[in-house]
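Taken together, the values in this text are just the output of simple stated rules run on the coordinates, not laboratory data. Being a predicted model, the structure only gives us computed values, none of them experimental. Note: ideal-geometry Cβ built from the backbone for every residue, glycine included; neighbour counts use all protein chains shown.
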Amino acid sequence: MEQFLVWLEESRLSAAIAGSLFMYPGILAAHGVGMAVVVGLNVAVSLRVLGVARMLPLAAMAQFYPMMWAGLWVNVATGVLLAMAGATRVLVDPVFFLKMAVVALAVLNMRRLKRELLRDSGRPDGSELPGAPGDSPTWSKRSISVMAVASIVLWGGAITLGRLMAYSFYRFWQ
Amino acid sequence: MDLFPPTWLVSGLEWVQATTNFPEFVNQNGWIWVVGETLHFMGLSLLMGTIGAFDLRMLGMAKSLPIGPLQRLVPWGLAGFVLCLLTGVMFIVGNFWGSNAYFNNIAFKWKMAAILLAGINVLMFEVTGMGRAVAVLGPGASAPVGAKVVAGTSLLLWVAVIVCGRFLPILGDAF
């Protein structure tokens, strides 16, 4: 395993990234922008679900998801490059694996939330606030609000774990 | 840039360092930096998400949303900005050892300039009445060209701020 990590880190792609003054921070910068897009838009949608700017039609918020997926793909690509370039440090870090687990949960939650947003999108009277009378039982105000809160908590957790990856002073297990 | 940093700022930071010894405290308690950076990133995500959503709508994304209500998300973006400002000040104060690494940092100067320009951009948007004009636009409506220019500039500037921030530890006083 150790040899594989060393091989990854010493590969030509990794060397190109690590060797240039601008490549590695450039990739990190793209990762940061992707983060702002994904987390930011998720939080914006969550805020709406939780009651901010109620005049915004709930189902229409789903139109921001393509931008969110774009941000996510940018972060997957940059993340892979970053993990490769620092393989011996990143791929043995329990904090990294915890972050991946949290991101996975956040993405699953994102997909569920989107499905819920679009579930009752064909309503003729325009009432799209969760919990309105005549709602189908599947769209309960509580469940969509829980997903909105979960989104904020999970993405906040991903950001925190990402930052923790850069520091090692607290790692008592090493 | 000889105007920067202004002497009052340097004197102020020297006073804080002498009185509270905050830089030493930060140096000994690394977790403060981690918490500060985490909050800084959360603040910037909040800013990009809410103000970004508003900008994106003006540029034509998510067209079935009315523009006015989207503006109600903007105060949350400002809260994100304030969080970044507070944590940012903490970074500067906590990193001040006689002179400050940030003041000689080209990336820091560019970052501050970009933030200033973003603020001017918002000011122009409100002062020229564009903000009020787009607030009444409903689902399916296109924003006027001026508003699109403001929106595009806003997005570009905030992305530039993030990128400059990322380069702070790299460029340092290299130039």
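Computed values, structure above
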read-out: Rg/Rg_globular for segment B:1-48, with Rg_globular taken as 2.2 N^0.38 Å and Rg from C-alpha atoms; value: 1.52
read-out: Whichever lysines have a C-alpha closer than 21 Å to that of B:Lys148, once near sequence neighbours (fewer than 8 apart) are set aside; value: B:Lys63
read-out: Neighbour-count order for A:Asp93, B:Asp55, fewest beta carbons within 10 angstrom listed first; value: A:Asp93, B:Asp55
read-out: Peptide B:21-28, shielding by other chains (average Cβ, 10 Å cutoff); value: 0
read-out: Linear extension gain, A:Val153 paired with A:Arg54, 0.36 nm per residue minus alpha-carbon span; value: 33.5 nm
read-out: D_trans [Stokes-Einstein, Kirkwood Rh over alpha-carbon pairs] for the protein assembly as shown, 4 °C, 1.567 mPa s, µm² s⁻¹; value: 59
read-out: Kyte-Doolittle mean at least 1.0, axial Cα span of 15 Å or more - DSSP H helices of chain B; value: B:31-58, B:74-94, B:106-127, B:145-171
